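The values are calculated or read from the model by the stated rules, or taken from the named source; none is laboratory data. Only a predicted model underlies this, so the values are computations on that prediction, with no experimental measurement involved. Cβ atoms come from the backbone with ideal geometry, glycine included; neighbour counts cover every protein chain shown. Just so you know, the surface numbers come from the protein's heavy atoms only, side chains and all, with ligands and any DNA or RNA stripped out. Shrake-Rupley method; radii C 1.70, N 1.55, O 1.52, S 1.80 Å.
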Amino acid sequence: MELLEANLLLVDDEPAILRMMKTVLEKEGFKRIETAASGEEAIAACEAAVFDLVVLDVMLPGRSGFDICPFIRCTTDAPVLFLTARTTDLDKLTGFAVGGDDYITKPFNPLEVAARIKAQLKRYLKPGTAQATRTAAERNVYDYGRFQLDADAGELRVCGEPVVCPAQVFQLLLFLCRHPNRIFTKSQLYEHVWGDECLGDDNTVMVHIHRIRERIERNPSEPELLLTVRGLGYKLVRREEGGL
(Lines give C-alpha, C1' and ligand atoms only; values in the text may rest on other atoms or scores of the structure.)
Protein backbone atom coordinates (compact mmCIF):
# COMPACT_ATOMS: atom_id res chain seq x y z
CA MET A 1 0.00 0.00 0.00
CA GLU A 2 1.21 3.53 -0.81
CA LEU A 3 1.84 5.66 2.28
CA LEU A 4 -0.58 8.40 1.24
CA GLU A 5 -3.33 5.84 0.54
CA ALA A 6 -3.40 4.80 4.21
CA ASN A 7 -6.72 4.98 6.08
CA LEU A 8 -6.43 7.49 8.93
CA LEU A 9 -8.82 8.08 11.82
CA LEU A 10 -8.61 11.36 13.76
CA VAL A 11 -10.44 11.38 17.10
CA ASP A 12 -10.89 14.64 19.03
CA ASP A 13 -13.86 16.45 20.59
CA GLU A 14 -12.60 19.86 19.45
CA PRO A 15 -13.90 20.58 15.90
CA ALA A 16 -11.18 23.18 15.29
CA ILE A 17 -8.43 20.64 15.95
CA LEU A 18 -10.07 18.07 13.69
CA ARG A 19 -10.42 20.63 10.88
CA MET A 20 -6.84 21.81 11.28
CA MET A 21 -5.38 18.30 11.36
CA LYS A 22 -7.44 17.13 8.40
CA THR A 23 -6.47 20.19 6.35
CA VAL A 24 -2.76 19.76 7.12
CA LEU A 25 -2.81 16.04 6.33
CA GLU A 26 -4.68 16.63 3.06
CA LYS A 27 -2.04 19.21 2.09
CA GLU A 28 0.59 16.59 2.91
CA GLY A 29 -1.10 14.30 0.37
CA PHE A 30 -3.22 11.96 2.50
CA LYS A 31 -6.45 11.02 0.75
CA ARG A 32 -8.41 8.82 3.15
CA ILE A 33 -9.11 10.59 6.43
CA GLU A 34 -12.06 10.02 8.73
CA THR A 35 -12.88 11.89 11.93
CA ALA A 36 -14.73 11.13 15.16
CA ALA A 37 -15.66 13.43 18.04
CA SER A 38 -16.15 10.91 20.86
CA GLY A 39 -15.06 7.51 22.05
CA GLU A 40 -18.36 6.01 20.91
CA GLU A 41 -17.96 7.47 17.40
CA ALA A 42 -14.40 6.14 17.25
CA ILE A 43 -15.55 2.64 18.23
CA ALA A 44 -18.31 2.75 15.60
CA ALA A 45 -15.77 3.84 12.97
CA CYS A 46 -13.42 0.99 13.88
CA GLU A 47 -16.29 -1.48 13.64
CA ALA A 48 -17.14 -0.25 10.14
CA ALA A 49 -13.64 -0.02 8.66
CA VAL A 50 -10.00 -0.94 9.20
CA PHE A 51 -7.60 1.94 9.79
CA ASP A 52 -3.86 2.02 9.23
CA LEU A 53 -3.29 4.65 11.93
CA VAL A 54 -5.36 6.34 14.64
CA VAL A 55 -4.70 9.75 16.20
CA LEU A 56 -6.57 9.57 19.50
CA ASP A 57 -7.32 12.37 21.95
CA VAL A 58 -7.31 11.28 25.59
CA MET A 59 -9.90 13.66 27.06
CA LEU A 60 -13.05 12.68 25.16
CA PRO A 61 -16.69 12.96 26.24
CA GLY A 62 -17.97 9.65 27.56
CA ARG A 63 -15.25 7.04 27.19
CA SER A 64 -11.72 8.43 27.17
CA GLY A 65 -8.99 7.64 24.69
CA PHE A 66 -7.34 5.44 27.31
CA ASP A 67 -10.65 3.57 27.71
CA ILE A 68 -11.16 2.82 24.01
CA CYS A 69 -7.55 2.10 23.03
CA PRO A 70 -7.74 -1.52 24.26
CA PHE A 71 -10.79 -2.00 22.03
CA ILE A 72 -8.84 -0.67 19.04
CA ARG A 73 -5.99 -2.98 19.94
CA CYS A 74 -8.38 -5.95 19.79
CA THR A 75 -9.23 -5.14 16.18
CA THR A 76 -5.93 -3.95 14.71
CA ASP A 77 -2.22 -3.59 15.37
CA ALA A 78 -2.16 -0.23 13.55
CA PRO A 79 -0.22 2.58 15.25
CA VAL A 80 -2.14 4.67 17.79
CA LEU A 81 -0.86 8.21 18.47
CA PHE A 82 -2.26 9.79 21.63
CA LEU A 83 -2.91 13.53 21.41
CA THR A 84 -3.54 15.25 24.75
CA ALA A 85 -2.96 18.15 27.11
CA ARG A 86 -2.14 15.69 29.90
CA THR A 87 1.64 15.80 30.23
CA THR A 88 2.57 13.94 33.40
CA ASP A 89 4.88 10.93 33.25
CA LEU A 90 2.06 8.79 34.66
CA ASP A 91 -0.25 9.83 31.82
CA LYS A 92 2.40 8.99 29.24
CA LEU A 93 3.11 5.62 30.82
CA THR A 94 -0.62 4.90 30.90
CA GLY A 95 -0.88 5.74 27.21
CA PHE A 96 1.84 3.27 26.31
CA ALA A 97 0.48 0.66 28.72
CA VAL A 98 -2.97 0.60 27.05
CA GLY A 99 -1.45 0.17 23.58
CA GLY A 100 -0.33 3.57 22.32
CA ASP A 101 2.67 3.91 20.00
CA ASP A 102 3.36 7.62 20.44
CA TYR A 103 2.30 10.43 22.79
CA ILE A 104 1.93 14.01 21.51
CA THR A 105 1.15 16.82 23.93
CA LYS A 106 -0.94 19.92 23.30
CA PRO A 107 -0.25 22.56 22.13
CA PHE A 108 1.44 20.91 19.15
CA ASN A 109 2.81 21.72 15.73
CA PRO A 110 0.51 20.02 13.19
CA LEU A 111 3.41 19.52 10.79
CA GLU A 112 5.26 17.61 13.52
CA VAL A 113 2.18 15.40 13.98
CA ALA A 114 2.09 14.80 10.22
CA ALA A 115 5.79 13.85 10.30
CA ARG A 116 5.20 11.41 13.15
CA ILE A 117 2.26 9.89 11.31
CA LYS A 118 4.43 9.32 8.25
CA ALA A 119 7.20 7.79 10.34
CA GLN A 120 4.80 5.36 12.01
CA LEU A 121 3.20 4.42 8.70
CA LYS A 122 6.56 3.77 7.05
CA ARG A 123 7.27 1.15 9.70
CA TYR A 124 3.75 -0.27 9.73
CA LEU A 125 3.38 -0.48 5.95
CA LYS A 126 6.95 -1.59 5.24
CA PRO A 127 6.99 -4.14 2.37
CA GLY A 128 7.03 -7.67 3.70
CA THR A 129 5.17 -6.86 6.92
CA ALA A 130 1.90 -8.55 7.77
CA GLN A 131 -0.03 -5.33 7.15
CA ALA A 132 1.52 -4.69 3.74
CA THR A 133 0.78 -8.23 2.56
CA ARG A 134 -2.59 -8.84 4.23
CA THR A 135 -5.15 -10.93 2.34
CA ALA A 136 -8.50 -9.77 1.00
CA ALA A 137 -10.22 -11.24 4.05
CA GLU A 138 -7.89 -9.33 6.35
CA ARG A 139 -8.67 -6.15 4.41
CA ASN A 140 -12.35 -6.72 5.21
CA VAL A 141 -13.38 -7.51 1.64
CA TYR A 142 -16.44 -9.77 1.61
CA ASP A 143 -16.85 -11.67 -1.65
CA TYR A 144 -20.28 -13.14 -2.33
CA GLY A 145 -19.68 -13.93 -6.00
CA ARG A 146 -22.26 -11.60 -7.49
CA PHE A 147 -21.17 -8.74 -5.23
CA GLN A 148 -18.17 -7.68 -3.15
CA LEU A 149 -18.25 -5.38 -0.14
CA ASP A 150 -15.03 -3.57 0.77
CA ALA A 151 -15.38 -2.40 4.37
CA ASP A 152 -12.05 -0.52 4.27
CA ALA A 153 -12.97 1.52 1.21
CA GLY A 154 -16.69 1.76 2.01
CA GLU A 155 -17.45 0.38 -1.44
CA LEU A 156 -20.03 -2.01 -2.85
CA ARG A 157 -19.42 -3.64 -6.24
CA VAL A 158 -22.04 -5.68 -8.04
CA CYS A 159 -20.94 -7.67 -11.11
CA GLY A 160 -17.69 -5.73 -10.97
CA GLU A 161 -19.31 -2.29 -11.07
CA PRO A 162 -19.40 0.20 -8.15
CA VAL A 163 -22.89 0.78 -6.76
CA VAL A 164 -23.90 3.78 -4.67
CA CYS A 165 -24.88 2.64 -1.19
CA PRO A 166 -26.21 5.00 1.54
CA ALA A 167 -24.38 4.76 4.86
CA GLN A 168 -27.05 2.93 6.86
CA VAL A 169 -27.77 0.50 4.03
CA PHE A 170 -24.03 -0.17 3.82
CA GLN A 171 -23.81 -0.78 7.58
CA LEU A 172 -26.66 -3.28 7.52
CA LEU A 173 -25.18 -5.14 4.56
CA LEU A 174 -21.76 -5.12 6.23
CA PHE A 175 -23.20 -6.67 9.38
CA LEU A 176 -24.92 -9.40 7.37
CA CYS A 177 -21.75 -10.04 5.34
CA ARG A 178 -19.85 -10.59 8.57
CA HIS A 179 -22.38 -13.22 9.65
CA PRO A 180 -23.22 -15.32 6.55
CA ASN A 181 -25.96 -17.98 6.64
CA ARG A 182 -27.11 -16.83 10.06
CA ILE A 183 -30.71 -15.79 10.77
CA PHE A 184 -31.31 -12.47 12.52
CA THR A 185 -34.63 -11.14 13.76
CA LYS A 186 -35.60 -7.50 13.19
CA SER A 187 -34.90 -6.69 16.83
CA GLN A 188 -31.41 -8.22 16.61
CA LEU A 189 -30.64 -6.15 13.54
CA TYR A 190 -31.85 -3.03 15.39
CA GLU A 191 -29.54 -3.78 18.27
CA HIS A 192 -26.44 -4.45 16.18
CA VAL A 193 -26.87 -1.81 13.46
CA TRP A 194 -29.05 1.00 14.82
CA GLY A 195 -28.70 0.55 18.56
CA ASP A 196 -31.64 2.13 20.37
CA GLU A 197 -32.29 4.88 17.83
CA CYS A 198 -35.07 3.10 15.95
CA LEU A 199 -36.23 0.62 18.55
CA GLY A 200 -39.72 -0.64 17.79
CA ASP A 201 -39.89 0.59 14.18
CA ASP A 202 -40.27 -2.59 12.12
CA ASN A 203 -40.45 -0.65 8.86
CA THR A 204 -36.87 0.62 9.24
CA VAL A 205 -35.26 -2.80 8.83
CA MET A 206 -37.74 -3.86 6.15
CA VAL A 207 -37.04 -0.76 4.07
CA HIS A 208 -33.29 -1.22 4.35
CA ILE A 209 -33.52 -4.91 3.48
CA HIS A 210 -35.45 -3.91 0.35
CA ARG A 211 -32.80 -1.31 -0.54
CA ILE A 212 -30.05 -3.92 -0.20
CA ARG A 213 -31.97 -6.31 -2.45
CA GLU A 214 -32.39 -3.58 -5.07
CA ARG A 215 -28.61 -3.42 -5.26
CA ILE A 216 -27.39 -7.00 -4.96
CA GLU A 217 -30.17 -9.22 -6.32
CA ARG A 218 -30.86 -10.10 -9.95
CA ASN A 219 -34.56 -9.80 -9.16
CA PRO A 220 -35.30 -8.03 -5.84
CA SER A 221 -38.79 -9.53 -5.71
CA GLU A 222 -37.32 -13.05 -5.89
CA PRO A 223 -34.16 -12.80 -3.76
CA GLU A 224 -31.47 -15.46 -4.00
CA LEU A 225 -28.94 -13.93 -1.60
CA LEU A 226 -30.72 -11.98 1.12
CA LEU A 227 -33.55 -14.27 2.15
CA THR A 228 -36.57 -13.89 4.40
CA VAL A 229 -36.98 -16.87 6.72
CA ARG A 230 -40.68 -16.81 7.51
CA GLY A 231 -41.40 -16.27 11.18
CA LEU A 232 -37.70 -15.98 12.07
CA GLY A 233 -36.03 -13.11 10.25
CA TYR A 234 -33.42 -12.60 7.52
CA LYS A 235 -30.19 -14.24 6.45
CA LEU A 236 -27.54 -13.52 3.83
CA VAL A 237 -26.68 -16.72 1.97
CA ARG A 238 -23.07 -17.51 1.25
CA ARG A 239 -22.30 -20.73 -0.58
CA GLU A 240 -18.91 -22.41 -0.54
CA GLU A 241 -18.46 -22.08 -4.28
CA GLY A 242 -18.83 -18.86 -6.23
CA GLY A 243 -21.06 -18.17 -9.17
CA LEU A 244 -23.98 -16.57 -7.37
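Quick notes
- Whole-percent carbon and sulfur share, accessible surface of the chain, 1.4 Å: 51 percent
- The chain: antiparallel DSSP beta bridges as a percent of all, rounded to 5: 45 percent
- Net charge over other residues, Cβ less than 13 angstrom from the Cβ of Ala37 (K, R count +1; D, E count -1): -4
- Heavy atoms of the protein chains alone define the surface here; on that basis the chain has 52 Å² accessible area per residue at 1.4 Å probe size.
- Which of Cys46, Cys159, Val113, positive extreme of dipole for the chain (C-beta unit charges): Cys159
- Span-rule helices in the chain, defined as complete DSSP H runs reaching 30 Å or more along the axis (Cα) with Kyte mean at least 1.6: none
- Think of the chain as a dipole: +1 on every Lys or Arg Cβ, -1 on every Asp or Glu Cβ, centred on the Cα centre; then among His208, Asn219, Phe184, Asn219 lies furthest on the positive end.
- Helical runs (DSSP H, four residues minimum) scored at -39500 (n - 2.57) apiece and divided by the length of the chain put the mean residue ellipticity at 222 nm at -11000 deg cm²/dmol.
- Our summary of shape: the Cα atoms of the chain have principal axis extents of 60, 41, 29 Å, ordered from largest down, in whole angstrom.
- Rounded to the nearest 20 debye, dipole of the chain from Cβ charges on Lys, Arg, Asp, Glu: 500 debye
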